[in-house]
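*Asks:* This is the structure, below, for whatever I ask next.
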Amino acid sequence: MATGSDSGLKTAAKGVALLAFVCMLHAGYSAREFLLYSKSIGRQDLALPIEIVFECLAALGVLIFGVVLGVGELKPISYEAEMKRYSIDGMFSRPSFQVYNHRGRFLRPTKSATPVTE
């Protein structure tokens, strides 16, 4: 159950993640503008400036931090915790695997009770 400070932390983390995402978009836009400018002046070396690379990496780090903080409480993924939700009857009686109209009757037809006369 989320408390008041916990929900405030999640809201702040979502805000940080949104800000980092906007910074990532800005870094991508800056890189595209730089490449277009470099091509327009005929420059052959198309290496990005260190400022754009640093902005992208810093925004990625802040984005990961914001997402990790805002994810909340994790649930257990152990086999026992997952199997507590199901009974043994529910596990082995899945209707999606029960096929009643199959091709077995065409592969091995049953013999008729009447004898064939020649």
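*Asks:* Each residue of the stretch 70-82 in order: what ³J(HN,Hα) in whole Hz does its phi give by Karplus 6.51 cos²θ - 1.76 cosθ + 1.60, θ = phi - 60°, with x for Gly and Pro?
*Replies:* Listing the rounded values in order: x, 6, x, 6, 7, 9, x, 10, 6, 5, 5, 5, 6 Hz.
*Asks:* Full-extension gain between Leu60 and Ser87, please, as 0.36 nm times their residue separation minus the C-alpha to C-alpha distance. Walk me through the intermediate numbers first.
*Replies:* Values: separation 27, 0.36 × 27 = 9.72 nm, distance 4.39 nm.
Length gained, Leu60 through Ser87: 5.3 nm.
Every number here is computed from the coordinates shown, using simple stated rules; none is lab data. This structure is a prediction, so every number in the text was calculated from the model and none was measured.
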